[in-house]
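Only one structure is covered here, and it is reproduced in the block below.
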Amino acid sequence: MKYLYWITTGLIALMMAASGAMYFISEDIMQNIARLGYPDHFRVTLGIAKLAGAAALLVPLPRSVKEWTYAGFTITFVTAFIAHLAAADPIGETVPPLVALAILLTSYYGYHAYYRAEPTSETA
């Protein structure tokens, strides 16, 4: 279970760190955010949140912070899926948020299974 947790968590953290960084440097992403109807300040906020969330998944923090990180990424992936559906994007742009959500949920499951043996520890 430890390997499932760390592989999926590392993958999600890498995806979110790369995505968050691209929100600041990729002209294509800037245009895509605008095309989906979001203001530019939302792109900056989401980029910062993705970078912070990627770090939060990897470093030892209180469990409540980890839970909020998982919740935030879940909302991000569901919202991305809905936004691409509403924009009538092709399936190639609609499915990746669902794949990322599946990896995130696997990480979340692994997180709880892996740390269930340590009920007295506040950080995980």
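Overview of results
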{"quantity": "Helices (runs of 4 or more DSSP H) enclosed by segment 22-124 - at least 2 residues per element that are closer than 20 Å to Thr8 by Cβ and out of contact with any Phe, Trp or Tyr (no Cβ under 7 Å at 6 or more places or on another chain)", "calculated": "40-58, 63-86, 96-115"}
{"quantity": "Residue within segment 36-52 that is among the aromatic types (Phe, Trp, Tyr) and crowded, with 17+ Cβ neighbours inside 10 Å present", "calculated": "no"}
{"quantity": "Residue within segment 87-109 that is touching a strand residue (DSSP E or B) at 6+ places or on another chain (Cβ under 6 Å) and in contact (Cβ under 8 Å) with a residue 60 or more places away in the chain present", "calculated": "no"}
{"quantity": "In segment 59-94, the residues that are closer than 18 Å to Ser19 by Cβ and among the charged types (D, E, K, R)", "calculated": "Asp89, Glu93"}
{"quantity": "Out of Thr69, Thr45, Thr74, Thr79, sole residue that is touching a residue at least 24 places away in the same chain (Cβ under 8 Å) and of a type in the set (Val, Ile, Thr)", "calculated": "Thr74"}
{"quantity": "Residue under evaluation Ala86, criteria (1) at pLDDT 95 or above; (2) more than 24 Å from Lys2 (Cα to Cα), criterion not met", "calculated": "(1)"}
{"quantity": "Given (1) farther than 21 Å from Ala55 by Cα; (2) surrounded by fewer than 15 Cβ atoms within 10 Å (Cβ to Cβ); (3) not aliphatic (A, V, I, L, M), number of the condition Phe81 does not satisfy", "calculated": "(2)"}
{"quantity": "Checklist (1) surrounded by fewer than 16 Cβ atoms within 10 Å (Cβ to Cβ); (2) in contact (Cβ under 8 Å) with a residue 40 or more places away in the chain; (3) farther than 17 Å from Tyr109 by Cβ; (4) not hydroxyl-bearing (Ser, Thr, Tyr) applied to Leu61, failing item", "calculated": "(1)"}
{"quantity": "First in segment 1-28 and without any contact (Cβ under 8 Å) to a residue 40 or more places away in the chain, second anywhere and acidic (Asp, Glu) and in a helix (DSSP H, G or I), Cβ under 9 Å, 6 or more apart", "calculated": "Met22/Asp28"}
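The values are calculated or read from the model by the stated rules, or taken from the named source; none is laboratory data. Note that this is a predicted model, so its numbers are computed, not measured. Counting neighbours? That spans all protein chains shown, and the Cβs are built from the backbone with ideal geometry, glycine included.
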